[in-house]
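Below is one structure, written out as structure tokens, with a few remarks after it.
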Amino acid sequence: MTKPFIDNQQRAEAYLARFKAGPVPHWIDGKPDAGAGETFDDLSPVDGRLLAKIARGREADVDRAAKAAGRAFPAWSRTTGSERRALLHKIADKIVARADEIAFIECMDSGQALRYMSKAALRAAENFRFFADRAPNAGNGLALPAEGQLNYTIRQPIGPVGVITPWNTPFMLSTWKIAPALAAGCTVVHKPAEWSPLTAMLLSEIAGEVLPAGVLNLVHGIGEEAGRALTEHPAIKAIGFVGESATGSRIMAQGAPTLKRVHFELGGKNPIVIFDDADLERAIDGALFMIYSLNGERCTSSSRALVQAGIYDEFVRSATERIKKIKIGHPLDPATELGPLIHVNHLEKVTRYYALAKQEGARVIEGGVGEKPARGYYAMPVLFADARNEMRIAQEEIFGPALTAIPFQDEAEALKLANDVRYGLTAYIWTRDVARAHRMAQGVEAGMVWINSENVRHLPAPFGGVKASGIGRDGGDYSFDFYMETKNIAVALGDHKIPKIGE
Ligand code: NAD
């Protein structure tokens, strides 16, 4: 064990100690709220130990939170954009000040390697800063002059909203939804994932030092209990959801009786298409980074490599060499690239695909170096070579460190394979032929396309998927479109003739 690793473990223990004091509460109306006293266990994927007991929210807790958000809404929605900008920047400052604590706790709660989590905490602060700066203009609209009338639009916050988030990079992802909602003037009830709930508490604490009571509320709990209650609550006007496609369908049905507006960021089975004129080394870097970083538990991962036949063997040879060197280990070891998966159930799901790959006739190449720790939910990185697109390993979201590689002959076949899947979140195209790059980008069924690049986020750009990968877009002004209502106001410019009835 290296000294930095030992130091990191000591720091993590110091940060985690507070959770031994008693159950982690909800955060409702500006203060911690223990609910009815029921709890669930939060186990660490690193060693299976109990990290904390967490308040188990039920309908009554969601109702308290939704009502608090409802009470806080009129005043919060009337704050000026510059007031909201100042407050959200304060939240960002406080996130930066506690970035270390957030990153260490998240590593132990989610199994993600520290090398990625420290950046994720800072990206969360950036989310707040980005939307803070846009708050003063969030209400802007259009001028639509007509004959004799001026139509103009304004945007107004929709009301209290629910935000339901998944267990992968939970802190960063939560802020991606919550920051624009607050900047728009909405109040929020957040339901974080039950497998990695700890850092949501830190966000509530930070926001609680800055925001008026009731503006940001947190209810912990199980999806079918607290999550469902939130989607069904009549005071909640919209649900921003990140998670699995099947859960999205359920939420849509649950929200139907109260006509909820929904925004879904769902699963993916994203193609990375590599043509034989590409810079192969860079393409391989991009492919491997997007599937083997963050444990492969990433919606935008490049989980299907479609590789042109002439360079296919070279791709497999080179990728094999590289995955053999991926460092597996404890998330707090600075050397670790691949940590444990989130939960024993998820490990079982992912490794079932490893067995299935063999049954389906793919060549399974296992990678990874370093001693796999004795405890924890570790899956080795794998490459499923010589796969066919109709195999389940090419069609279903595995959400682990598994790359399915499929050869193709020409552009037409590449596009057909890329689109022959129910998902449509991202696509990555690698070629030096500019016209082909654009043709592929326009033809591929995905919400986001990167050409000759891994996923590099740009906060003003639209983020979201098509097909089973989502509904709606986040980012920049797109987020405000979701959290706000557009109102048209028409004013007569003179005494025009109004038709008379009943004369
Ligand atoms: P999940 O759908 O199981 O759970 C997500 C959240 O929904 C959790 O908080 C859960 O408690 C809640 N939930 C579950 N059932 C519910 C119900 N009936 N009503 C209301 N809430 C309910 O997803 P997960 O396993 O936590 O996350 C992994 C999934 O998230 C993957 O499919 C991944 O691709 C997707 N994801 C997508 C994006 C994106 O931007 N498109 C980003 C991250 C993750």
- Along region 174-187, Karplus-curve 3J(HN,Hα) (6.51, -1.76, 1.60; θ = phi - 60°) to the nearest Hz, with x for Gly and Pro, reads 5, 5, 4, 8, 6, 4, x, 4, 5, 4, 6, x, 8, 9
- Query: What does the charge add up to near A418, with Lys and Arg as +1, Asp and Glu as -1, over the other residues with Cβ less than 11 Å from its Cβ?
  - Reply: -1
- Links exceeding 31 Å between C-alpha atoms in this model, out of K237/K416; K324/K349; K20/K191; K31/K119; K177/K269; K53/K349, come to K237/K416
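Can you give the net charge of the other residues whose Cβ lies under 10 Å from the Cβ of W27, counting K and R as +1 and D and E as -1? Write out the running numbers ahead of the final one.
On the way: positive: K31; negative: D29, D33, E205.
Around W27, the charge tally is -2.
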- Can you pull the one-decimal nm distance between simple spin-label points at D433 and I498, each 7 Å off the Cα toward Cβ? 6.5 nm
- If eta is 0.692 mPa s and T is 37 °C, what Stokes-Einstein diffusion coefficient results for region 92-219, Kirkwood Rh from Cα pairs, in µm²/s? 209 µm²/s
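Before I look further, what does region 301-403 give for accessible area per residue, probe 1.4 Å, in whole square angstrom?
40 Å²
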- Task: Roll a 1.4 Å probe over the protein heavy atoms and report the accessible area of V456 in Å², nearest 10.
- Result: 80 Å²
- Query: Are there GluC sites (Glu not before Pro) in region 443-495 that DSSP marks as loop and that have at most 12 other Cβ atoms within 10 Å, and which are they?
  - Reply: none
- Message: If I take every Cα pair under 8 Å that is 6 or more residues apart in region 271-451, average their sequence separation and divide by the length, what percent do I get for the relative contact order?
- Response: 28 percent
- Sulfur and carbon atoms: percent of accessible area, the chain [1.4 Å]: 54 percent
- Item | Loop GluC sites (Glu not before Pro), region 34-112 (other Cβ atoms within 10 Å of the site Cβ: 12 or fewer; DSSP) | none
- Item | Computed [θ] at 222 nm, helices only, for the chain once each DSSP H run of length n ≥ 4 contributes -39500 (n - 2.57) | -12500 deg cm²/dmol
- Query: For helix 81-97, what angle does its Cα long axis make with the longest principal axis of the chain, in degrees from 0 to 90 and rounded to 10?
  - Reply: 30 degrees
- Item | Alpha-carbon Rg with Dmax, taken over the chain, Å | 24.1, 94
- Using a simple spin-label model with points 7 Å from Cα along the Cα→Cβ vector, what separation in nm is obtained for I471 and R352? 2.7 nm
- Net lengthening on full extension, A309/Y152 (0.36 nm per residue, minus Cα-Cα): 51.0 nm
- Where Lys and Arg each count +1 and Asp and Glu each count -1, what net charge lies around G329 among other residues with Cβ under 10 Å from its Cβ? -1
- Message: Just to verify a number: what accessible area does E390 come out at with the full protein assembly present, 1.4 Å probe, Å² rounded to tens?
- Response: 120 Å²
- Work out, step by step, the length gained on full extension between D276 and K372: first 0.36 nm times the residue separation, then minus their alpha carbon distance; give nm to one decimal. 30.9 nm
- Query: Roughly speaking, what is the stretch gain from E224 to F289, that is 0.36 nm per residue apart minus the C-alpha to C-alpha distance, in nm to one decimal?
  - Reply: 20.0 nm
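The values are calculated or read from the model by the stated rules, or taken from the named source; none is laboratory data. Bear in mind the structure is a predicted one, so any value in this text is a computation, not a measurement. So basically every Cβ, Gly included, is an ideal-geometry build from the backbone, and we count neighbours across all protein chains shown. We work out accessible area using only protein heavy atoms, side chains counted, and drop any ligands, DNA or RNA first. Shrake-Rupley method; radii C 1.70, N 1.55, O 1.52, S 1.80 Å.
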